[in-house]
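Working notes, structure below.
The values are calculated or read from the model by the stated rules, or taken from the named source; none is laboratory data. Fair warning: this is a prediction, and the values are worked out from it, not measured in the lab. Virtual Cβ from ideal backbone geometry, glycine too; neighbours counted across all protein chains shown. Remember, those area values only see protein heavy atoms, side chains included, never the ligands or the DNA or RNA. Shrake-Rupley method; radii C 1.70, N 1.55, O 1.52, S 1.80 Å.
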Amino acid sequence: PVGSAFGDERTLKLESRVIESFDAPGDITFEDGTTVNWQIRGSKFSTEGFPRMAYAPETWPIDLFGKNPENRDSLQALGVNGRFDRQGYNTIEIMPGEGEGDDWVERPLQLPGRIKMFDFWVWGSNYNYTIEAHFMDYRGITHRFEMVPTGVDRRVPGSIDFSGWRNMFIDIPGYVKQAQSYKPNYAGLRFIKIVIRTHPEEAVDN
């Protein structure tokens with residue numbers, strides 16, 4: 001048999017981009033310049049008045065910034081306090097949107113470029129919960145991925161049953177469409193939400 005081999009002349013340029021630092025409310029904008037405001041939503045059995053959300057000052061992952069960063073005064077983390085009236089597969093959703101108060105509207109966040117990997121830092125408190133990220137492609141199809149914690153058993157995808165900060169990530173699989181056959185070819189992903197899910201036998205009272 002006779003065959004031919006061809007080299008791929010396309011160059012892949014990988015670039016790390018911070019989409020949201022959670023160092024301050026209204027820190028980023030949508031592509032049209034509208035301010036991104038994050039909101040949370042609890043599932044059916046959420047205790048009245050919960051979940052709650054706040055920005056925790058002078059809070060950061062030590063593995064990322066070190067023990068005493070020079071900019072410690074400007075570092076924050078998005079904190080969520082959940083409580084449910086009964087055990088089960090309860091959820092808390094963390095979503096981008098626009099507006100405030102009763103005028104707030106959920107809105108997916110356009111991500112730049114073609115996404116190879118998506119990650120964020122999570123504080124774990126040894127609760128048997130999981131965390132996942134939801135995306136939408138240009139066809140309107142939603143993709144849900146359980147985040148993988150670095151340095152922890154990967155056989156339990158999505159688990160935040162650990163203590164302290166962990167970087168959690170997903171490699172976006174090739175079947176997620178980020179290009180189309182007609183011009184322009186690029187068709188990026190939109191980020192919909194983060195979902196925290198409780199295990200039915202785990203405590204959920206705070």
Accessible area (Å², per residue) of the range 1-121, counting only protein heavy atoms and a probe of 1.4 Å: 71
Charge dipole (debye, nearest 20) of the range 6-93; +1 at Cβ of Lys and Arg, -1 at Cβ of Asp and Glu: 480
Distance (nanometres) between label positions extended 7 Å along Cα→Cβ at TYR89 and GLU20: 2.4
Highest average packing first - 39-48, 185-194, Cβ atoms within 10 Å: 185-194, 39-48
Convex hull (Cα only) mean projected area of the chain, reported in nm² to one decimal: 16.6
Of ALA187, TYR175, PHE162, farthest towards positive along the dipole that unit charges on Lys, Arg, Asp, Glu beta carbons give the chain: TYR175
Where GluC sites (Glu not before Pro) fall in DSSP loop in the range 68-106, at most 16 other Cβ within 10 Å: GLU70, GLU100
Whole-percent carbon and sulfur share, accessible surface of the chain, 1.4 Å: 48
Charge sum, other residues only, whose C-beta stays under 14 Å from TYR55's C-beta, Lys/Arg counted +1 and Asp/Glu -1: -4
Theoretical FRET efficiency, 1/(1+(r/R0)^6), r = Cβ-Cβ of ILE141 and PHE45, R0 30 Å, to 0.05: 0.55
Computed magnitude of the charge dipole of the range 24-174 (debye, nearest 20; Cβ of K, R +1, Cβ of D, E -1): 600
Loop-located GluC sites (Glu not before Pro) in the range 113-206 whose Cβ has at most 15 other Cβ within 10 Å (DSSP): GLU201, GLU202
Most to least packed among 78-85, 109-116, 170-177 [average Cβ atoms within 10 Å]: 78-85, 109-116, 170-177
Cα gyration tensor shape of the range 61-103, rounded if a/c is under 1.5, else prolate or oblate by comparing a/b with b/c: oblate
